[in-house]
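Since the structure comes first, as structure tokens, the remarks are kept for the end.
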Amino acid sequence: MTRTAASDLTTADYGKLNDGREVRIFTLTNAHGLKARISEYGAILVGLDLPDRQGRVADVTLGYDTLPGWLGSTSYFGATVGRFGNRIAHGRFTLDGQAYTLATNNSPGGMPCALHGGVKGFDKVLWHGEPVRKPGARGVALSYTSRDGEEGYPGTLQVKVTYWVTDADELVWETEATTDKPTIVNLAHHTYWNLSGDPSKNIDSEVLMLAADSYLPTDPGLIPTGTLAPVAGTPMDFRQPTPIGARVEADFEALKLAGGYDHCWVLRPGKGMRLAAVVTDPVSGRSMEVSTDAPAIQFYSGNFLDGTVAGKGGIKYQRRSGLCLETENFPDAPNHPNFPSSVLRPGETYRHTMVCKFKW
């Protein structure tokens with residue numbers, strides 16, 4: 001049953017969790033055919049419909065048709081991830097002399113780490129959504145309280161994530177958080193994009209630009225070693241628009257360790273919002289410009305998709321059928337004093353914004 005309705009902003013029931021709690025879905029639409037669907041469960045972008053150069057509309061994200069699919073997801077399709085997005089080595093960090101241990105829910109290269117907030121991160125909890133409006137945009141504001149000790153993290157964290165669809169053909173994801181005890185925070189948005197609109201096609205032919213002169217090399221566990229390496233002269237160089245598949249199979253250690261691209265690129269220093277990435281599908285004409293105020297972006301080329309997950313329309317997502325561009329702080333930042341700090345203290349407000357501007 002629809003509870004709130006307007007021509008460009010609707011709220012409807014989406015289903016129930018296993019414990020009986022109801023989940024709502026919000027649909028945000030602009031006049032140009034850009035439509036985003038956001039679920040209270042996981043603060044997930046369930047889908048984004050976008051025209052191509054011929055005016056044909058398609059969903060350009062990977063995911064599921066119904067709520068039960070999302071409840072069983074292990075791929076973080078469309079999710080808001082936290083309390084700490086990306087990886088923390090061995091699930092351990094020290095803050096103000098106190099050691100903390102997190103669940104190790106991922107083990108690339110046989111090396112355990114904490115990934116995307118833990119066993120039950122922010123992608124697997126029920127947020128509370130409210131429709132919101134401002135001139136030229138319609139949105140949904142989602143809030144969640146992460147209790148002290150949840151998944152091993154200290155401090156009660158009050159979190160808000162707001163999605164906007166604007167008349168300038170933008171999807172805006174913005175978040176803020178406060179805490180009552182010192183903690184670490186690194187929220188990220190984890191949509192898998194396939195701008196062709198056909199997830200049976202891989203993303204090798206999509207053309208990517210990253211506004212980064214360096215990246216973070218990793219160990220076999222995909223944990224940053226702590227050094228920054230220049231992209232110049234390597235397959236990690238996307239300073240000029242380059243097809244993703246052009247060098248993904250190159251004989252290069254970073255690519256071998258990750259089975260493709262799954263690395264953090266260090267954005268050029270700057271204050272406020274700045275361009276981080278542009279990805280274009282040459283056939284459909286769709287493109288997406290990603291801007292952020294975060295210091296880095298993780299580019300993941302869907303290496304761990306293996307055809308076992310049946311997604312929208314029953315399509316089984318094959319390797320590299322979607323790509324992620326996650327603006328964020330550096331992975332494993334709490335364990336590297338030379339990385340930007342991920343510490344949030346009482347009286348401070350964590351903020352992070354990502355803007356995806358679409359063209360077709």
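The values are calculated or read from the model by the stated rules, or taken from the named source; none is laboratory data. The shown structure was predicted, so the numbers you read here are calculated from the model rather than taken from an experiment. A quick note on method: Cβ atoms are made from the backbone with ideal geometry, for glycine too, and the neighbour counts reach across all protein chains shown. Side chains are part of the model used for accessible areas, which takes the heavy atoms of the whole protein and leaves out ligands, DNA and RNA. Shrake-Rupley method; radii C 1.70, N 1.55, O 1.52, S 1.80 Å.
Just a few scattered comments:
- Solvent-accessible area of segment 256-295 (1.4 angstrom probe, protein heavy atoms only): carbon and sulfur portion equals 61 percent.
- Using the Cα coordinates of segment 12-168, the gyration tensor eigenvalues translate into equivalent-ellipsoid semi-axes of 31, 18, 15 Å, sorted from longest to shortest.
- GNM on the chain, alpha-carbon springs under 10 angstrom: the most fluctuating residue among 67, 187, 323 is 67.
- A simple charge model with +1 on the Cβ of Lys and Arg, -1 on the Cβ of Asp and Glu and nothing else charged puts the dipole of segment 64-126 at about 120 debye relative to its Cα centre.
- Taking 155, 285, 322 in turn, the Gaussian network model of the chain (Cα-Cα springs below 10 Å) assigns the largest fluctuation to 285.
- Relative contact order [Cα under 8 Å, 6+ residues apart], segment 6-106, whole percent: 15 percent
- 222 nm mean residue ellipticity, helices alone, for the chain (DSSP H n ≥ 4; -39,500 (n - 2.57); rounded to 500): -500 deg cm²/dmol
- Accessible area per residue for the chain is 38 Å², calculated with a 1.4 Å probe on protein heavy atoms, without ligands, DNA or RNA.
- Computed 3J(HN,Hα) for segment 112-127, one whole-Hz value per residue from the Karplus formula 6.51 cos²θ - 1.76 cosθ + 1.60 where θ = phi - 60°, is x, 8, 8, 10, 6, x, x, 5, 10, x, 5, 6, 10, 10, 8, 8, glycine and proline marked x.
- In this simple spin-label model, placing a label point 7 Å from the Cα along the Cα-to-Cβ direction at both residue 232 and residue 180 gives a separation of 5.2 nm.
- For segment 153-297, the square roots of the Cα gyration tensor eigenvalues, ordered a ≥ b ≥ c, give a/c of at least 1.5 with a/b no greater than b/c, which places it in the oblate category.
- Protection proxy ranking for 43-50, 100-107, 88-95, using the average of other Cβ atoms within 10 Å per residue and placing the highest first: 43-50, 88-95, 100-107.
- Inter-site label distance for residue 31 and residue 53 at 7 Å from Cα along Cβ, in nm: 2.6 nm
- Per-residue ³J(HN,Hα) for segment 84-96, Karplus 6.51 cos²θ - 1.76 cosθ + 1.60, θ = phi - 60°, Hz, x for Gly and Pro: 10, x, 6, 9, 10, 4, 6, x, 9, 7, 10, 9, 6
- The alpha carbon gyration tensor of segment 151-238 gives principal lengths a ≥ b ≥ c with a/c of 1.5 or higher and a/b no greater than b/c, which makes the shape oblate.
- As a length-normalised measure over Cα pairs under 8 Å and 6 or more apart, the relative contact order of segment 240-360 settles at 25 percent.
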